[in-house]
1. Would you point out which residue out of Arg47, Arg140 is surrounded by 15 or more Cβ atoms within 10 Å (Cβ to Cβ) and charged (D, E, K, R)?
2. Tell me whether the stretch 51-70 contains one or more residues that are in contact (Cβ under 8 Å) with a residue 12 or more places away in the chain, assigned to a helix (DSSP H, G or I) and closer than 20 Å to Ser124 by Cβ.
3. Identify all residues within the stretch 41-86 that are among the acidic types (Asp, Glu) and either touching a Ser or Thr at 6+ places or on another chain (Cβ under 8 Å) or at pLDDT 95 or above (or both); write none if there are none.
4. Only one of these conditions is not met by Thr167: (1) part of a loop (DSSP other than H, G, I, E, B); (2) modelled with pLDDT of 95 or more. Which number is it?
5. Is it the case that the stretch 228-236 has a residue that's small (Gly, Ala, Ser), over 20 Å from Arg154 (Cα atoms) and surrounded by fewer than 18 Cβ atoms within 10 Å (Cβ to Cβ)?
6. Report whether or not Ser261 is outside any loop (DSSP other than H, G, I, E, B), at pLDDT 95 or above and of a type in the set (Ser, Thr, Tyr).
Amino acid sequence: METQIRRGYIDFPSEWEHVESRSVGPFVTRVVHRRSDGSEDVRTSRRHRKNFGPETETADRPGWFVWRPASLNWWIAVLFMIGSWHFISGSVLALIDWPNAYVIDLVYFIGSIFFTAAGYSQYSQSINAPEAIDSAGNTRASARRRYIGWQPRRIDFWATFPQFLGTLAFNLTTFAAFASVGLLGYEVIVWVPDYVGSILFLVSGGAAVIEFCHRLFCWKNRSITWWIVVINFLGCVAFMISAILAHYLPVAVFGHLATWSTVGTLIGAVCFFIGSYLMWPEMSNEAA
């Protein structure tokens, strides 16, 4: 919804005229100002934390392969793609009944490490997003780099921090899979972290949709970013379904629960791989 003057955490130039703000609950997701030269400056949460600059009317033609190792956005995409590929590979091996379960568990665990690296990078990017903009529209970096931060009134915090925590939970559950434990041990060290991690991913995925749409949902299928947040959210839903089906039940509700759980993991990993890859063409408008 539109609000009165609300600028989130960003310090805008005092000579800029505030035009409008958009927010969902306490979260400011979009701010519009009129600069001294009469042009409009539109800042959105996702673009700002990724240092893409102000929103523009026309986008450059996206590049489907991008080589920018100096950019944190590039590394976030690469790390998520590698992690997703490991989860895809582990799921496929499980579905074809690969005889060596240790190999499958190892592939999942390695994938979870890449997920965590990507998740923390994304969270770090969010809490270190520029907090000030000068009169020329250039962002000013924070004086002190943060390695951890608690910023619950920012939507980008909820789009990144829960996902980072979820990746840590996946680290635990994939590592615990190496251990031979009974039913109670499985519930405590394998299923519970998987379930909690999936919930955290859902929270993050939902916040990412709100951050982009400026409301609970929108239909902007011509936008690459829209496809990223929607596909990633569907991946979070698939992981959640997988975690639910992975719960051990004395009497299965329907046959082959483990198989369907693995299928859910596979679908979720494919969604995350596609969403991560699409971050490359999204970078076409990244500020230099």
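The values are calculated or read from the model by the stated rules, or taken from the named source; none is laboratory data. Remember, predicted model here, so these are calculated numbers, not experimental data. Virtual Cβ from ideal backbone geometry, glycine too; neighbours counted across all protein chains shown.
1. Arg47 is the lone residue from the list that is surrounded by 15 or more Cβ atoms within 10 Å (Cβ to Cβ) and charged (D, E, K, R).
2. No, there is no match, as no residue in the stretch 51-70 is in contact (Cβ under 8 Å) with a residue 12 or more places away in the chain, assigned to a helix (DSSP H, G or I) and closer than 20 Å to Ser124 by Cβ.
3. Within the stretch 41-86, Glu55, Asp60 qualify.
4. (1) is the only condition that Thr167 fails.
5. Scanning the stretch 228-236 turns up no residue that is small (Gly, Ala, Ser), over 20 Å from Arg154 (Cα atoms) and surrounded by fewer than 18 Cβ atoms within 10 Å (Cβ to Cβ).
6. Spelling it out, it is not the case that Ser261 is outside any loop (DSSP other than H, G, I, E, B), at pLDDT 95 or above and of a type in the set (Ser, Thr, Tyr).
So that you can scan it fast, the table gives a plain yes or no per residue for (1) in contact (Cβ under 8 Å) with a residue 60 or more places away in the chain; (2) over 20 Å from the mean Cα position of the chain (by Cα); (3) not in a helix (DSSP H, G or I):
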| position | (1), (2), (3) |
| --- | --- |
| Gly83 | yes, no, no |
| Ser91 | yes, yes, no |
| Asp105 | yes, yes, no |
| Phe109 | yes, no, no |
| Ala117 | no, no, no |
| Tyr120 | no, no, no |
| Ala136 | no, yes, yes |
| Arg146 | no, no, yes |
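Results for (1) closer than 22 Å to Thr225 by Cβ; (2) of a type in the set (Val, Ile, Thr); (3) assigned by TED's automatic domain parsing to the domain that holds Phe212, shown as yes or no for each residue.
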| site | (1), (2), (3) |
| --- | --- |
| Trp64 | yes, no, no |
| Ile76 | yes, yes, yes |
| Leu79 | yes, no, yes |
| His86 | no, no, yes |
| Ser91 | no, no, yes |
| Ile104 | no, yes, yes |
